[in-house]
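The values are calculated or read from the model by the stated rules, or taken from the named source; none is laboratory data. For clarity, every value in this text was computed on a predicted model and none was experimentally measured. With ideal geometry, Cβ positions are generated from the backbone for all residues, glycine too; neighbour counts draw on all protein chains shown.
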Amino acid sequence: MKVATKISTAVFLLYCSFLFSGCGVTKENKSNESWTIVSIPDFLNVDCEYPQKGWEDALSYILNSIKSENPEFLLVAGDLVMGHWDSKLWNDEDTIKKYSRHYYSNWINRMNDNNLKFYTSLGDHDIGDDAWRDAKKFKAVGLYKKAFSDHLNMPQNGPDNMKGTAFWWLNKNVLFISVDVFEEGQSELGFIKIGVTGDQLKWVQTVLDSNPDVDHRILIGHVPVLGPVRQWSSSGLNIKEGRESDFWQLMKKYGVDAYLCGEVHAITCTERDGIMQIAHGGLIGYNTRINYLVIKFTKEKIEMELKEIDLMPHGEFLWQTKNNRPLEFVTISDSSKTRGFNTVGTLTIDKTGNKEFKNRQGYFLQKYESGEDIAFPIFRKNDKPQVPTELPRVIVK
């Protein structure tokens, strides 16, 4: 009986040794498993119905393509709506409440019906569009921010005056921080100064300090910090202090890996101080191309792929509350659908040793890392044939 017990114990210990050895391999494998997110700023930057007649087939194709990437979530760095919901002649509290309820609900329902979890940043169109030079319009900014916070329901962990418009979250040991670049202050835009300063900057530092052992750090904001960048149907908002801003210097200090932004509806990828700024996105109903960014994470690497497809905006103008209006039809040709989104940039951020930026192709090549090209909406050529309505293409072969 004692011999049998000893044998059983030995077998049990051998089994445990094998089991835990297997668990160790599993744990190591898990650390190398990849997971994916997708970034598409300025989606949709228009007050859209759901479904939107004349647009829905194209929008469905875009969202189905995004879904095929199997993302954990979608990042939208601001300008979800057109947001022209205030006026000197209107009761802003009533109109912002009315239109935000309608158009944010449409936007959210479209995402939910496509089973796409999302995180956002605040864009200028989400607070009425620039500029903010009179007291009434500036007062409306608080109403816009409250509507954004109430409807989008982002984490309420930001600075006291920015709950729901600046926030952070962790996903699989990657830190994400979404900043609100529209701060109160004097500038050429009026009573709003673009940047991340003061209490918000201190808050960003506190979040970074509180998460020292994450694998990667990604920050998201609506506007570029570095420039110049390409622009397509954009007012070109940016953080004027650029690389010298306290915000950029803080990201440098804490080894942030990437800063994702929109606003300019065109692609420029700029690396400085070990941080890759990616300005990208599109403007549906105005421009003839749209893009998104696929990001795949493992413990020691970040792989990025920019994808783009041609659009055909046409027809009359789609109703919006004011005169900034897209075209009423947006289609994607059958041949473009057959080819699918084209790869226009790839990059690997390798952190197995010192951080290195490898496998650069397309827009990630250093020769494309800044650009002063400017283009205008497709319909501008009707009244001004000489203005460019396309930007040069970059294709990964």
Report summary line: Filter region 65-89 for residues that are part of a loop (DSSP other than H, G, I, E, B) and in contact with a strand residue (DSSP E or B) (Cβ under 8 Å, 6 or more places away or on another chain); the one that is nearest to Asn324 (Cα to Cα) is Leu80
Query raised in the report: Under 9 Å by Cβ, and 6 or more places apart or on different chains, what pairs join a residue from region 301-318 that is over 30 Å from Asn359 (Cβ atoms) with one that is surrounded by 14 or more Cβ atoms within 10 Å (Cβ to Cβ) and of a type in the set (Ser, Thr, Tyr)?
Result: Met312/Thr288; Met312/Thr331; Met312/Ser336; Pro313/Tyr286; Pro313/Thr288; Pro313/Thr331; His314/Thr331
Report summary line: Restricting attention to region 197-229, the residues that are among the basic types (Lys, Arg) and surrounded by fewer than 16 Cβ atoms within 10 Å (Cβ to Cβ) number exactly 1
Query raised in the report: How many residues does region 67-86 hold that are surrounded by fewer than 21 Cβ atoms within 10 Å (Cβ to Cβ) and either in contact (Cβ under 8 Å) with a residue 60 or more places away in the chain or of a type in the set (Asp, Glu) (or both)?
Result: 4
**Report entry** Filter result (under 30 Å from Ser60 (Cβ atoms), in contact with a strand residue (DSSP E or B) (Cβ under 9 Å, 6 or more places away or on another chain) and assigned to a loop (DSSP other than H, G, I, E, B)) within region 115-152
**Finding:** Leu116, Lys117, Ser121, Leu122, Gly123
Report task. Report yes if some residue within region 4-17 is at pLDDT below 95 and within 30 Å of Thr348 (Cα to Cα); otherwise report no. Result -> no
Report task. Just give me the residues in region 166-181 being β-branched (Val, Ile, Thr) and under 14 Å from the mean Cα position of the chain (by Cα), in sequence order. Result -> Ile177, Val179, Val181
Query raised in the report: Do any strands (runs of 3 or more DSSP E) entirely within region 325-371 hold 3 or more residues that are modelled with pLDDT of 95 or more and within 18 Å of Leu260 (Cβ to Cβ), and if so, which?
Result: 342-350, 356-362
Query - Number of the exception - Ile278 against (1) of a type in the set (A, V, I, L, M); (2) in a loop (DSSP other than H, G, I, E, B); (3) in contact with a Cys (Cβ under 7 Å, 6 or more places away or on another chain) - result: (2)
Requested in this report: Report the residue count in region 246-303 for those that are more than 25 Å from Ala58 (Cβ to Cβ) and either under 13 Å from the mean Cα position of the chain (by Cα) or of a type in the set (Phe, Trp, Tyr) (or both).
Outcome: 7
Query raised in the report: Restricted to region 282-300, and to residues that are part of a loop (DSSP other than H, G, I, E, B) and out of contact with any Ser or Thr (no Cβ under 8 Å at 6 or more places or on another chain), which residue is nearest to Asp373 (Cα to Cα)?
Result: Gly282
Report summary line: Only unsatisfied item for Asp310, checking (1) in contact with a strand residue (DSSP E or B) (Cβ under 6 Å, 6 or more places away or on another chain); (2) over 27 Å from Gly236 (Cβ atoms), is (2)
Requested in this report: Quickly run through region 169-191 and pick out the residues that are surrounded by 23 or more Cβ atoms within 10 Å (Cβ to Cβ) and of a type in the set (A, V, I, L, M, F, W, C).
Outcome: Leu175, Ile177, Val179, Val181, Phe182
Report summary line: Reported set for region 311-342 where residues are surrounded by fewer than 14 Cβ atoms within 10 Å (Cβ to Cβ), farther than 30 Å from Lys397 by Cβ and among the small types (Gly, Ala, Ser) is none
Requested in this report: Please tell me if Pro212 is under 25 Å from Gly128 (Cβ atoms) and of a type outside the set (S, T, N, Q).
Outcome: no
Report task. Check off (1) part of a helix (DSSP H, G or I); (2) within 22 Å of the chain's Cα centre (by Cα) for Pro155 and give me the number that stays unchecked. Result -> (1)
**Report entry** Those residues of region 23-45 which are at pLDDT 95 or above and part of a loop (DSSP other than H, G, I, E, B), in sequence order
**Finding:** Ser34, Ile40, Pro41, Asp42, Phe43, Leu44, Asn45
Query raised in the report: Can you name the number of the only condition in (1) in contact (Cβ under 8 Å) with a residue 60 or more places away in the chain; (2) buried (at least 22 other Cβ atoms within 10 Å of the Cβ); (3) among the acidic types (Asp, Glu) that Asp126 fails?
Result: (1)
